[in-house]
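Enquirer: Provided herewith is a single structure, encoded as structure tokens, for subsequent inquiry.
The values are calculated or read from the model by the stated rules, or taken from the named source; none is laboratory data. Note that the structure is predicted; figures quoted are calculated from it, not measured. Methodologically, a virtual Cβ is constructed for each residue, glycine included, from the backbone with ideal geometry; neighbour enumeration extends over all protein chains shown. In case anyone asks, the SASA skips ligands and DNA or RNA and just uses the protein heavy atoms, side chains included. Shrake-Rupley method; radii C 1.70, N 1.55, O 1.52, S 1.80 Å.
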Protein chains: 2
Amino acid sequence: MIEIPARKGRAVRVRKGQRIKVINTKGQQVVDTWAFNADDLHEFMSMEHSRVAIERIIPGIGDALVTNKRRPILTLVEDTSGGIHDTLFAACDRWRYEVLGCKDYHDNCTDNLAAGLAALGLTPPETPAPLNLFMNIPVVGGNRVEVRPPVSTPGGYVVLRAEMDCVAAFSACPQDMVPVNGLEMRPTEAHVDILE
Amino acid sequence: MIEIPARKGRAVRVRKGQRIKVINTKGQQVVDTWAFNADDLHEFMSMEHSRVAIERIIPGIGDALVTNKRRPILTLVEDTSGGIHDTLFAACDRWRYEVLGCKDYHDNCTDNLAAGLAALGLTPPETPAPLNLFMNIPVVGGNRVEVRPPVSTPGGYVVLRAEMDCVAAFSACPQDMVPVNGLEMRPTEAHVDILE
């Protein structure tokens with residue numbers, strides 16, 4: 001079991017056919033998730049390509065998320081979290097916190113992605129839009145997007161099956177200025193388990 | 001007046017304060033649109049960052065689209081096209097047409113972006129998700145996305161004000177296998193005018 005510490009990121013190599021269990025340990029924690037082709041980091045899971053492929057903005061059971069080359073990379077095979085995730089919002093970054101009024105450095109998912117890959121000796125070629133697991137951003141009235149607390153409860157999880165050898169990365173989102181990680185705005189740890 | 005030929009792409013340098021008029025000449029033509037910071041092509045208009053900033057999935061009058069550094073780059077200041085545009089779908093690419101069953105090379109917006117910038121001696125550092133002007137991809141029931149014909153009519157246009165010196169690129173989408181460019185699936189030319 002891999003801990004994704006509160007406010008931090010981790011990455012792990014996953015072989016085709018293995019399953020990735022992402023656990024919302026405390027229940028209100030968003031986990032930004034990325035996947036890169038292990039043989040070519042320039043091919044990666046893409047939200048804008050996946051929405052075309054799955055014909056929805058929130059993946060459901062059986063939906064294969066695809067890369068920027070339209071190839072399946074992760075398939076959602078199980079979900080006990082309430083089924084609410086986000087594909088619309090960018091990973092937070094230093095500029096997001098500056099916009100929110102933060103004067104000092106703030107942990108952020110973009111830097112967490114880079115740190116997670118760096119621990120494997122890798123560099124992300126760019127910061128793809130993440131699959132924001134457990135993040136609750138409804139589209140209201142067909143256009144407006146709202147930031148709401150997650151609907152998941154402690155121990156809720158999703159299982160994603162790898163459709164190719166990949167490098168998966170996760171960030172326990174450090175957002176504590178808007179209620180994306182719950183109304184208490186207190187980021188917590190999450191966990192990841194790789195299943196054969 | 002710059003013609004964006006049917007199925008092709010063009011790029012143009014735009015100074016801060018200039019306005020870009022994108023005209024749907026024939027009325028049913030999607031125009032994929034990008035903007036890059038002229039001084040640093042790694043900073044570019046980002047749909048996933050813009051949705052956070054404007055709090056909606058379709059920009060309206062007065063909305064400033066932002067870069068991947070959260071800075072305004074283009075503001076929508078006028079729209080006679082019916083106000084329906086898309087920020088959810090990736091630019092089409094060779095793999096999209098392969099998925100649709102195309103055996104030979106098919107013109108595509110991703111290559112059109114590269115060709116448009118190449119004509120200026122530039123190379124896009126990546127293919128950002130485009131602002132798909134006039135493209136009609138409603139989110140139905142809060143989740144499902146549908147491909148529908150544009151609502152715009154001949155001569156409908158949008159005007160975008162440049163908030164920084166930028167390189168803007170446009171592709172008259174060559175999609176002729178799904179009705180994104182109208183039920184006749186016949187891509188046409190569009191036009192761009194740079195206004196002082």
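Enquirer: For the stretch A:165-196, give me each residue that is in contact with a helix residue (DSSP H, G or I) (Cβ under 8 Å, 6 or more places away or on another chain) and open to solvent by 40 Å² or more (accessible area, probe 1.4 Å).
Expert: A:Met177, A:Met185
Enquirer: Is there any pair linking a residue in the stretch A:32-46 that is assigned to a strand (DSSP E or B) to one that is charged (D, E, K, R) and open to solvent by less than 10 Å² (accessible area, probe 1.4 Å), with Cβ under 9 Å and at least six apart or on different chains, and which?
Expert: A:Phe36/A:Glu43; A:Asn37/A:Glu43
Enquirer: Could you tell me whether any residue of the stretch A:137-151 is more than 24 Å from A:Thr25 (Cβ to Cβ) and either open to solvent by less than 10 Å² (accessible area, probe 1.4 Å) or in contact with a helix residue (DSSP H, G or I) (Cβ under 8 Å, 6 or more places away or on another chain) (or both)?
Expert: Yes, the stretch A:137-151 has at least one match.
Enquirer: Let me ask another. Report, by residue number, each residue of the stretch A:81-96 that is surrounded by 21 or more Cβ atoms within 10 Å (Cβ to Cβ) and of a type in the set (Phe, Trp, Tyr).
Expert: Across the stretch A:81-96, the qualifying residue is only A:Phe89.
Enquirer: If you don't mind, there's one more thing I want to ask. Pairs only if they're at least six apart or on different chains, beta carbon under 6 angstrom, first in the stretch A:160-179 and within 17 Å of A:His191 (Cβ to Cβ), second among the hydroxyl-bearing types (Ser, Thr, Tyr); list them, first residue then second.
Expert: So the pair list comes out as A:Phe170/A:Thr33.
Enquirer: Mind listing whichever residues of the stretch A:50-65 are closer than 22 Å to A:Pro138 by Cβ, within 16 Å of the chain's Cα centre (by Cα) and either at the interface with another protein chain (Cβ under 7 Å from one of its Cβ atoms) or in a strand (DSSP E or B) (or both)?
Expert: A:Arg51, A:Ile57, A:Ile58, A:Leu65
Enquirer: Scan the stretch A:97-109 for residues that are open to solvent by 30 Å² or more (accessible area, probe 1.4 Å) and outside any loop (DSSP other than H, G, I, E, B) and report the count.
Expert: Total meeting the criteria: 2.
Enquirer: Which pairs have Cβ atoms under 7 Å, sit 6 or more apart or on different chains, and link a residue in the stretch A:182-196 that is more than 18 Å from A:Thr33 (Cβ to Cβ) to one that is not in a loop (DSSP other than H, G, I, E, B)?
Expert: A:Met185/A:Pro179
Enquirer: So which residues in the stretch B:62-74 are open to solvent by 10 Å² or more (accessible area, probe 1.4 Å), more than 17 Å from A:Ala129 (Cβ to Cβ) and in contact with a strand residue (DSSP E or B) (Cβ under 6 Å, 6 or more places away or on another chain), if there are any at all?
Expert: Result: B:Asp63, B:Ala64, B:Pro72.
Enquirer: Then there is this: Go over the candidates A:Gly101, A:Gly141, A:Gly155, A:Gly116 one by one and state the one that is more than 9 Å from every other protein chain (Cβ to nearest Cβ), within 14 Å of the chain's Cα centre (by Cα) and small (Gly, Ala, Ser).
Expert: Criteria check complete, one pass: A:Gly116.
Enquirer: Right, another one. Taking B:Ser81, is it small (Gly, Ala, Ser) and within 9 Å of another protein chain (Cβ to nearest Cβ)? It would help to see each step written out before you state the result.
Expert: Values: small (Gly, Ala, Ser): yes; within 9 Å of another protein chain (Cβ to nearest Cβ): no.
In short, no.
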